[in-house]
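The values are calculated or read from the model by the stated rules, or taken from the named source; none is laboratory data. Note that the structure is predicted; figures quoted are calculated from it, not measured. We place every Cβ from the backbone using ideal geometry, glycine too, and count neighbours over all the protein chains shown. Surface areas here come from the heavy atoms of the whole protein model, side chains and all, with no ligands, DNA or RNA. Shrake-Rupley method; radii C 1.70, N 1.55, O 1.52, S 1.80 Å.
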Amino acid sequence: MTLVLDKVQVSIEGVRVLRGVSCEIVERKTTILIGRNGAGKTTTLRAIMGLLALDGGDIRLDGDDLRKHPAHYRARAGIGYAPEDRRLVPEMTIEENIRLPGLALNLDKGELNGRLEEIYTFLPQLRDLRKRPGGGVSGGQGKMVALGRALMVARKVLLLDEPFQGLAPALALDYARTLGELRKHRPELALLITESTPALLDAIADRTLQIERGEISEQAGSPRTENVAV
Amino acid sequence: MSGIDVDLAVNGLITGVFYALMAIGLSLIFGILKIVNFAHGEFYMVGAYAYTLIALALGVPVWIALPLAFVVGALLGWLTERTLMRPLYAGYTSWGLMRDEYAVIVTFGLSLFLINFVDKVIGPYAYRGPPLVETSRVVLGPVLISGHRLLAAGIAIAVIAVTAALIKWSFWGQQIRAVSQNRLGASLAGIDTAKASVIVFMLSGGLAAFAGALLSPVINASPDVGIFPAIKSYIIVVLGGMGSVPGAIIASLFLGVIESFGAVYISFQYRDAFGLILLMLFLLFRPQGLFGEKGREV
Ligand SMILES: Nc1ncnc2c1ncn2[C@@H]1O[C@H](COP(=O)(O)OP(=O)(O)OP(=O)(O)O)[C@@H](O)[C@H]1O
Ligand SMILES: [Mg+2]
């Protein structure tokens, strides 16, 4: 499984934000996308999710041209995305929020409940929050919920946008531990995580990409291949 | 409560039930596209004509003409969404919405078009729809209601109950609520936001047309008959909290009762103004409405 970005160009409000972003996100690897504020990390993820129109370039999942499909197709194709601003449904409970993609994809009950249990095993905090409304959790808790929701569909690719931003140290540690667990339980998953401070993710990165002013380069010196724990 | 008060309360609630049929759809549209559909009253007008003409001109039994009016409204809603609403979000990616006057102008234009179209094609005269039953008056203790109105109210209550249940629990109902509350979040979760808005427009058009059909024996439909019910619906949607369906239902009943009492105890001539006064009071003191959220995005 490979998600390929090929010379992706995106403009926001008439300003070119991504100027030819190319990279490959591959299964069994954790790719970290590092970049300063405003470098284009969120824009890259949104482009993958079909939330922004491309000016040029291609995005393909195993040869399937994602440009041809509307945004909601990504969930069906097995791409989960936890946005930095969470985007929960405020008047649905946390559990309903997590189940929502399963509902939209029309998963059968057994499958849906199985995935939900799996998510609760990874993120036990969510089980305690499950009756709360989506609008009634803190920012950090909301990030966990967004991760849970993304996991409901992420059969192939999981995109996390600055998962640690704004998290208290304890919660950040929790989150990092969860990502480690996830790697063990779901080795096939391709993970793409953005961060503005590289140090946090060093331990789990297989590959580090650097994005600067809308262009990506492989970061020299840091690739630690084959450290995927099985 | 004296007998007349009971009568006023019951008749006010019945009026409110008909308001709710209209207001629910308007509220759903606001929820999903964050626009006010200024052609909503014309869906109602089209429903009244559809029912009346199908029943009288084609000689179709009223019990078939009534659901057909819903179908006509739903088709009109579908057409409106496909042709006029698409630009609101099509070029704006699947989660963003155009944020300018487009929706105001285009729905207002649709309203004028439909009024004039019906005026030219069918004529400016008022049409009276056939009642569902001939019973002229039903007396229930102190309450006096025409047979048609009582039956129509019963049907409206059933339709509202089914609609509310569908929105709360059905497959598409849950997805529509998710899109209304967080469009981008819903899209990430795999929900087809375009399909959700088509369904909302069909349901909304169908319900408004159904209201027009149910009331056609009493409103004497003319091309501009939708204007007042539409204004009432706008008031109700604000009172109930923009986008809230339970809020719209409760605000409808509330307005129906207020008008009913106000018409007797304050002034009959000003009965259509009470809603506007209520609207101003709400805008001053509780702008989020009865059930509205101050911020719906998380
Ligand atoms: N709504 C917008 N309107 C105008 N410009 C925008 C908008 N959103 C993003 N941009 C611009 O696009 C560029 C990339 O933004 P993006 O959000 O992708 O950065 P980022 O790397 O995710 O930054 P951060 O670390 O702050 O989240 C920035 O220069 C920003 O100014
Ligand atoms: Mg960002």
What number of residues within region A:19-60 satisfy the criterion of being away from ligand 2 (no atom under 16 Å from the Cβ) and farther than 20 Å from A:SER196 by Cβ? 16
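Of these, A:ALA199, A:ALA172, A:ALA150, which one is in a helix (DSSP H, G or I) and at pLDDT 90 or above? Give the steps one after another, and end with the answer.
Details: A:ALA199 fails: at pLDDT 90 or above; A:ALA172 fails: at pLDDT 90 or above.
Residue meeting the stated conditions: A:ALA150.
Let's see how each residue does on (1) of a type in the set (A, V, I, L, M, F, W, C); (2) crowded, with 24+ Cβ neighbours inside 10 Å:
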{"site": "B:TRP169", "(1), (2)": "yes, no"}
{"site": "B:GLN174", "(1), (2)": "no, no"}
{"site": "B:VAL179", "(1), (2)": "yes, yes"}
{"site": "B:GLY185", "(1), (2)": "no, yes"}
{"site": "B:GLY190", "(1), (2)": "no, yes"}
{"site": "B:PHE201", "(1), (2)": "yes, yes"}
{"site": "B:ALA211", "(1), (2)": "yes, yes"}
{"site": "B:ALA221", "(1), (2)": "yes, yes"}
{"site": "B:ILE231", "(1), (2)": "yes, no"}
Does region B:126-140 include one or more residues that are open to solvent by less than 20 Å² (accessible area, probe 1.4 Å) and touching a strand residue (DSSP E or B) at 6+ places or on another chain (Cβ under 9 Å)? yes
Restricting to region A:69-97, and then to whatever is under 15 Å from the mean Cα position of the chain (by Cα), more than 9 Å from every other protein chain (Cβ to nearest Cβ) and more than 16 Å from ligand 2 (Cβ to nearest atom), can you tell me which residue is surrounded by the most Cβ atoms within 10 Å (Cβ to Cβ)? A:ILE79
If you scan region B:248-261, which residues turn out to be open to solvent by 50 Å² or more (accessible area, probe 1.4 Å) and touching a Lys or Arg at 6+ places or on another chain (Cβ under 7 Å)? none
Of the residues in region B:26-47, how many are part of a helix (DSSP H, G or I) and farther than 20 Å from B:ALA221 by Cβ? 7
Could you check region B:113-134 and list, in sequence order, the residues that are basic (Lys, Arg) and without any contact (Cβ under 8 Å) to a residue 40 or more places away in the chain? B:LYS120
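Can you confirm whether B:ILE227 is within 17 Å of the chain's Cα centre (by Cα), at pLDDT 95 or above and closer than 24 Å to B:ALA248 by Cβ? Write out each step before concluding.
Details: within 17 Å of the chain's Cα centre (by Cα): yes; at pLDDT 95 or above: no; closer than 24 Å to B:ALA248 by Cβ: yes.
No; evaluated as a whole, the condition is false for this residue.
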From the list B:ALA50, B:ALA69, B:ALA23, B:ALA90, pick out the single residue that is open to solvent by 10 Å² or more (accessible area, probe 1.4 Å), assigned to a helix (DSSP H, G or I) and closer than 16 Å to B:GLY205 by Cβ. B:ALA50
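Could you say which residue among B:PRO142, B:PRO229 is more than 14 Å from chain A (Cβ to nearest Cβ), within 27 Å of B:GLY275 (Cα to Cα) and in contact with an Asp or Glu (Cβ under 7 Å, 6 or more places away or on another chain)? Before you say what the answer is, go through the steps one by one.
On the way: B:PRO229 fails: in contact with an Asp or Glu (Cβ under 7 Å, 6 or more places away or on another chain).
Of the residues listed, the single one that is more than 14 Å from chain A (Cβ to nearest Cβ), within 27 Å of B:GLY275 (Cα to Cα) and in contact with an Asp or Glu (Cβ under 7 Å, 6 or more places away or on another chain) is B:PRO142.
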Got a sec? Which of B:VAL264, B:VAL245, B:VAL238, B:VAL298 is surrounded by fewer than 17 Cβ atoms within 10 Å (Cβ to Cβ) and either at pLDDT below 95 or of a type in the set (Ser, Thr, Tyr) (or both)? B:VAL264
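Only one of B:GLY243, B:GLY256 is in contact (Cβ under 8 Å) with a residue 12 or more places away in the chain and over 13 Å from the mean Cα position of the chain (by Cα). Can you tell me which?
Values: B:GLY243 fails: over 13 Å from the mean Cα position of the chain (by Cα).
Exactly one of B:GLY243, B:GLY256 is in contact (Cβ under 8 Å) with a residue 12 or more places away in the chain and over 13 Å from the mean Cα position of the chain (by Cα), namely B:GLY256.
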From the list B:VAL60, B:VAL104, B:VAL118, pick out the single residue that is among the β-branched types (Val, Ile, Thr) and part of a loop (DSSP other than H, G, I, E, B). B:VAL60
Could you count how many residues in region A:122-161 are within 16 Å of ligand 1 (Cβ to nearest atom) and open to solvent by 10 Å² or more (accessible area, probe 1.4 Å)? 2
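Can you confirm whether region B:149-166 contains a residue that is open to solvent by less than 70 Å² (accessible area, probe 1.4 Å) and not in a helix (DSSP H, G or I)? Reasoning before the result, please.
The first filter runs over region B:149-166 and keeps only residues open to solvent by less than 70 Å² (accessible area, probe 1.4 Å), leaving B:149-156, B:158-161, B:163-165.
Now drop any that are not not in a helix (DSSP H, G or I), which leaves none.
Scanning region B:149-166 turns up no residue that is open to solvent by less than 70 Å² (accessible area, probe 1.4 Å) and not in a helix (DSSP H, G or I).
Just name the residue that is least open to solvent (accessible area, probe 1.4 Å) out of those in region A:1-16 that are part of a strand (DSSP E or B) and more than 16 Å from A:GLY50 (Cβ to Cβ). Lay out the reasoning, then the answer.
Going residue by residue through region A:1-16, those that are part of a strand (DSSP E or B) are A:2-12, A:15-16.
Filter again for more than 16 Å from A:GLY50 (Cβ to Cβ), leaving A:2, A:7, A:15-16.
Details: A:THR2: 43, A:LYS7: 127, A:VAL15: 88, A:ARG16: 99 Å².
So the residue we want is A:THR2.
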For region A:126-153, what are the residues that are in contact with a strand residue (DSSP E or B) (Cβ under 8 Å, 6 or more places away or on another chain) and within 11 Å of chain B (Cβ to nearest Cβ)? A:PRO133, A:GLY134, A:ALA146, A:ARG149, A:ALA150, A:MET152, A:VAL153
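Look through A:ILE59, A:ILE98 and report the one residue that is away from ligand 1 (no atom under 14 Å from the Cβ), outside any loop (DSSP other than H, G, I, E, B), of a type outside the set (Asp, Glu) and under 21 Å from A:GLY140 (Cβ atoms).
On the way: A:ILE59 fails: under 21 Å from A:GLY140 (Cβ atoms).
Within the list A:ILE59, A:ILE98, the selection yields A:ILE98.
Would you please name the residue that is farthest from the chain's Cα centre (by Cα), looking only at residues in region A:2-56 that are charged (D, E, K, R) and more than 12 Å from ligand 1 (Cβ to nearest atom)? Before the answer, list the steps.
Within region A:2-56, the subset charged (D, E, K, R) is A:6-7, A:13, A:16, A:19, A:24, A:27-29, A:36, A:41, A:46, A:55.
This time we only want the ones that are more than 12 Å from ligand 1 (Cβ to nearest atom), so: A:6-7, A:24, A:27-29, A:55.
On the way: A:ASP6: 19, A:LYS7: 20, A:GLU24: 15, A:GLU27: 14, A:ARG28: 14, A:LYS29: 13, A:ASP55: 23 Å.
Per the criteria, the residue is A:ASP55.
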Whether any residue in region B:71-88 is out of contact with any helix residue (DSSP H, G or I) (no Cβ under 7 Å at 6 or more places or on another chain) and of a type in the set (Ser, Thr, Tyr) is what I want to check. yes
